Ligand code: ATP
């Protein structure tokens, strides 16, 4: 299966098993908006709990808040979002489709790279062991021609980006005959800036109404509550404020399922520190956050840092944690050293002093900030795309299994009476009633046991507990493990401890 096909299979699987549905589906959906179903919401809540507890419980100096989506409109002027939270937009006049001009150029560059890589692979096959990649890249005429084109377009693009030259974006697109994938034509409009914030109005009468924005990030809710939390929590620097909440961005191109949505959720933590210590803290949070990811057990090789070369004007260091999604390594989380820019701007715009009196220094200052910011939905996608597997079994059959890391799995155990009679459902129900206070369990009695196992595999349930006739006599049940499909007889009273060992989130947290 190609990566593209695999992705389509994932999207279909997510719908079929109640993880993720297109929003408003009976009205043909709403672009780039998705709803979480009965399985998706459990997975999402487990991810949020892992993050929240890792931040607020394991760090005595990090506390949480829950600020509102609606905020004073001046906040977005102060933060720079009203003026500069833009993407360059371009329309194709024939297809009437809208694109991000920068993405069209980046995709074009990626295609050149792909062509070069294919050429290199061809060479590798032809020359076998004698193949010298560096020499091939330096001498092969096709590679040299493509790379010259790449360098030329890349240099023009970077210059246009630095100068924010929208006309040059368009010229690059025209000069390289970058066409609309729908119409196949190069009939483009001018490029214009498009602000990504959604707005609405607040107030009951039209005259008195105020334009307000749906927050495009949760971070500003933390910055504007800095004084409240610091004072009421008697927080001493260094300390952090964590928040999980919805954010909204009117993304121009909304593809790739829940990777890029118009309504999504973020988990952000702003860490307030003494000026001058930011690079130390930046390095520490980079390490901490990577540890949090790798600890889940989806393979360290599937993560990498991508340090930013071009920094936002307020940042003095920034990196992304990228994950290997089915469409390549892409940003999952951002870690930024934001200096005192945000607090400084709010100080300026609100007229309120936002400072910290440092008793050790005997002086007051506006704290610096290192932030970690991860999209919950991207994290859900990372887990789902990594976990979905089609396996060939020894008996020639195939099974589809979601090997979701057990502490994050939506359902931890399924309790299954072998048949719907002879007192087996009653015993199964009793086991269910006992376990349900500790774990999210499912009781299922319909269909053959094999079919029920497959259904539980498809939603990623780590344990299936089967109650049979012998259980009535010896008080034991068969426990089947999802990944190995191994089965063992277990005493009913030992079930809780056996399940807990694998699925308890605290085991993950203890490793951090
Ligand atoms: P991208 O470059 O992919 O647009 P970004 O750099 O704008 O992302 P940030 O503003 O740093 O993203 O937001 C922090 C995190 O929020 C991202 O790492 C990502 O996980 C998540 N995120 C941002 N935009 C979206 C979106 N439209 N849909 C889902 N998650 C998003």
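Read-outs: derived from the displayed coordinates by stated rules, not from any lab. No experiment lies behind these values; they were computed from the predicted model shown.
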Counting pairs of alpha carbon atoms under 8 Å apart in space and at least six apart in sequence, what relative contact order in percent does the stretch 393-510 give?
-> 30
Note to self: C-alpha centroids of the stretch 319-387 and the stretch 285-318 sit apart, in Å, by 12
Could you state the number of Å between the C-alpha centres of the stretch 105-123 and the stretch 41-59?
-> 40
Normalised alpha carbon radius of gyration of the stretch 55-106 [divisor 2.2 N^0.38 Å] | 1.95
Which whole-number percent is the relative contact order of the chain (Cα, under 8 Å, 6+ apart)?
-> 14
Whole-number percent relative contact order across the stretch 86-195, with pairs defined as alpha carbons under 8 Å at least 6 apart = 46
Kirkwood hydrodynamic radius for the stretch 219-291: how many Å is it when counted over pairs of different Cα atoms?
-> 14.6
Alpha-carbon radius of gyration plus Dmax, which is the widest Cα pair, for the stretch 393-510 in Å | 13.8, 44
Taking 1 over the mean of 1/r across every pair of different Cα atoms in the stretch 260-356, what Kirkwood radius in Å do you get?
-> 15.4
Over its Cα atoms, what ratio of radius of gyration to 2.2 N^0.38 Å does the chain give?
-> 1.14
Per residue, how much space in cubic angstrom lies within the convex hull of the C-alpha atoms of the stretch 86-195?
-> 108
